Amino acid sequence: MSTSAVSERPVGEPVPNWVARPRPAREPMVGHYCRLEPVDVERHGAALYAAFRQTPEDADWTYMFAGPFPDEASYLTHARAMQASEDPQHFAVIDLASGQAVGTLSSMRIDPANGVMEVGNVAYSDLLKRTPAATEAQYLLMCRAFDQLGYRRYEWKCDSLNGPSRAAALRLGFQFEGIFRQAVVYKGRNRDTAWFSIVDGEWPAVREAMTQWLAPHNFDEAGRQRRRLSDLIAAVRPG
């Protein structure tokens, strides 16, 4: 085969001067509404268990690999494993108004060579859901990936049957990429996995929309949003 024939094959766009990106540090992140701290059983364990007990019938653990937890001791065992993990890196979400840990999420499948990471293990208690802090926690991890570390791709994956998680990904600006069929077996059942991502070229528009949504003036005296995040993202996203 001639050299010219080989050179005519389609290839991806060049990525000039690419070098492996740093691994994210296990350091706190602070916003207006919340602070992310590496999970620490002594500092966060009891408060997290108490927060998760607000949800009746342990429904929040249906699509999680872990849980539900029948008692505090079993949750603290889980929290110790989170604390010891290097990947995923688990963070407790601290509500700045109350000072309490009210949920967890993680950076995971961290791939510095290719500049890719995933947000996962998102466990929000009823004290955190549908609050500005819930969105800001996601925003802080995105900022670390793209702005601080220069990663190229940020992923969200979930059980394809998990409607709330899929809706949350789209609201936060992720693009749906498809379904990986029979990707995982967990809790004795099949999981088809829905994949979503944000890539670095899309991040400036998503960041602008999230910054606008999180601004204090976007909420009225009762804490109700004036503009929806999905509308703000649609307004700034090209095309």
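Pairs are defined by a Cβ separation below 6 Å, a sequence spacing of at least 6 or placement on different chains, a first member in segment 179-196 that is hydroxyl-bearing (Ser, Thr, Tyr) and at pLDDT 95 or above, and a second member that is exposed (fewer than 12 other Cβ atoms within 10 Å of the Cβ) and not in a strand (DSSP E or B); the pairs so defined are 186/65.
The number of residues in segment 80-114 being closer than 11 Å to residue 23 by Cα, among the small types (Gly, Ala, Ser) and surrounded by fewer than 22 Cβ atoms within 10 Å (Cβ to Cβ) comes to 1. Which one is surrounded by the most Cβ atoms within 10 Å (Cβ to Cβ), of the residues in segment 115-124 that are of a type in the set (Gly, Ala, Ser) and under 23 Å from residue 54 (Cα atoms)? Ranking the qualifying residues of segment 115-124, first place goes to 123.
For segment 31-56, a tally of residues being charged (D, E, K, R) and crowded, with 17+ Cβ neighbours inside 10 Å returns 2.
Residue 73: touching a strand residue (DSSP E or B) at 6+ places or on another chain (Cβ under 7 Å) and closer than 28 Å to residue 159 by Cβ, yes or no? No: the conditions fail for residue 73. Entry remark, segment 107-138: residues being assigned to a strand (DSSP E or B) and either touching an Asp or Glu at 6+ places or on another chain (Cβ under 6 Å) or in contact (Cβ under 8 Å) with a residue 24 or more places away in the chain (or both) number 13 in total. Scanning segment 218-239 for residues that are among the aliphatic types (A, V, I, L, M), at pLDDT below 95 and either touching a helix residue (DSSP H, G or I) at 6+ places or on another chain (Cβ under 6 Å) or part of a loop (DSSP other than H, G, I, E, B) (or both) gives 222, 233, 236. Restricting segment 194-210 to residues that are charged (D, E, K, R) and closer than 21 Å to residue 132 by Cα leaves a set whose member that is surrounded by the most Cβ atoms within 10 Å (Cβ to Cβ) is 207.
Among all positions in segment 91-104, there is no residue which is part of a strand (DSSP E or B) and farther than 18 Å from residue 47 by Cα. Here residue 72 clears all of (1) without any contact (Cβ under 8 Å) to a residue 12 or more places away in the chain; (2) touching a helix residue (DSSP H, G or I) at 6+ places or on another chain (Cβ under 6 Å); (3) not aliphatic (A, V, I, L, M) except the condition numbered (1).
Within segment 180-193, the set of residues being in contact with an Asp or Glu (Cβ under 9 Å, 6 or more places away or on another chain) and surrounded by 12 or more Cβ atoms within 10 Å (Cβ to Cβ) comprises 180, 183, 184, 186, 191, 192, 193.
The values are calculated or read from the model by the stated rules, or taken from the named source; none is laboratory data. Given the structure is predicted, the values throughout are model-derived calculations rather than measurements. Glycine gets a Cβ as well: all are built from the backbone with ideal geometry, and neighbour counts include every protein chain shown.
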